[in-house]
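Novice: Provided herewith is a single structure, encoded as structure tokens, for subsequent inquiry.
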Amino acid sequence: MADVQAQSIAQDASPGQPLLDVGEQKPDISADAQDSPAVTKEDGNTILENASETLYLQNLNETVRLDFLKQTLLNLFKPYGVIPPVIAHDNLRMRGQAFVSFPDKETADKARKEVAGFPLYGKPMQLSFAKTRSDVVVQHEEGEEGLASHKKRRLEHKKESRKNNPLRQKAQAKLKAAAAADPTGVQAAAPRRAQIQMPDEYLPPNSLLFLQNLPEGTTKEDLHDVFNQHPNLLEVRLIPAKKDIAFVEYADEASATVAKEALHNFKIDGETKMKASFSVSAYMVSYAKR
């Protein structure tokens, strides 16, 4: 019944009409409405200080096909002048969530108040303001050049935040201390052998390491700082088309082995475990030469 109700309202609503019958279901005001102070505008209306042109939607029905969910949300928010596209993903971290953008903060606030709690496909939606400006909004207001500048600033901010992440700094300090106390890496290598699980990590040692599961935004300098803690580092190579993997080469397989055992599961950003294994390609080359 909720599915039919959602589809009917999304299809039949037209600009200027209230989207919900609040007499039948009173919308829940998001948590930020209680925690953030309101600002009175010149026209007498009030709006929260943390208001944004983009709404963050939670508690969406995860069983609904993603493309159908996006289209339904576009129809549902059509009376508020929604700016497409709706941003939603089906990966584990973002499942049941979406971002919807509007022409201005006042419209977004109106949509938040009137639609919060609406049972879309049987689950009451939770609406709050997004913490950052959406690319869709920036492009709508500032064009392609403004969007490019916005993305550049965001990337710089992300790099700076990652660099200053206390967890990352703690991990880096621990790594440097371990390397200084045990330059050979023998003590660090011993307990880590029990953690090896992936088949490619059983390959015979060689001088080239294959890195996987690198956190987003990892740079060549980040990897060089980490792997240079172990002697005989020759080169770090990133893969432009696949940004979560890289190769690290040492002068000999003994040095590579020490680095691999010490840094497998190391958290470059203080949060994401990096996987380090011997490179399959390097092993095949060495085997062909025998």
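Novice: Once you've got the Cα coordinates, tell me which of K105/K243; K70/K105; K78/K158; K105/K151; K243/K267 are over 24 Å apart. Walk me through the numbers before you get to the answer.
Specialist: Values: K105/K243 35 Å; K70/K105 21 Å; K78/K158 33 Å; K105/K151 21 Å; K243/K267 16 Å.
The answer is K105/K243; K78/K158.
Novice: Per-residue HN-Hα couplings for segment 120-130, Karplus 6.51 cos²θ - 1.76 cosθ + 1.60 at θ = phi - 60°, whole Hz, x for Gly and Pro?
Specialist: Each residue of segment 120-130 in turn: 7, 6, x, 10, x, 6, 10, 10, 8, 7, 5 Hz.
Novice: As an exercise, identify the trypsin sites (Lys or Arg not before Pro) in segment 95-162 lying in DSSP coil whose Cβ has no more than 13 other Cβ atoms within 10 Å.
Specialist: R95, K131
Novice: For the pair N232 and H89, how long in nm is the line joining their label points, each one 7 Å along Cα→Cβ?
Specialist: Distance between the two pseudo-spin positions: 3.9 nm.
Novice: A follow-up question, please. Do any of K242/K275; K163/K242; K110/K159 go past 24 Å between their Cα atoms, and which?
Specialist: Correct reply: K110/K159.
Novice: Are there trypsin sites (Lys or Arg not before Pro) in segment 214-262 that DSSP marks as loop and that have at most 16 other Cβ atoms within 10 Å, and which are they?
Specialist: Filter output for segment 214-262: K242, K243.
Novice: What order do you get for L73, L167 when you list them from fewest to most C-beta neighbours inside 10 Å? Before the final figure, lay out each step's value.
Specialist: Values: L73 25, L167 11.
With the fewest neighbours first, L73, L167 line up as L167, L73.
Novice: Which whole-Hz ³J(HN,Hα) couplings does segment 154-168 yield from phi under the Karplus relation 6.51 cos²θ - 1.76 cosθ + 1.60, θ = phi - 60°, glycine and proline marked x?
Specialist: The phi angles translate into 5, 5, 5, 5, 5, 5, 5, 5, 5, 5, 8, 4, x, 5, 5 Hz.
FYI, it's all coordinate maths here, none of it is from the lab. Because the structure is a prediction, the values reported are computed rather than measured. No Cβ is skipped: glycine too gets one built from the backbone with ideal geometry, and neighbour counts run over all protein chains shown.
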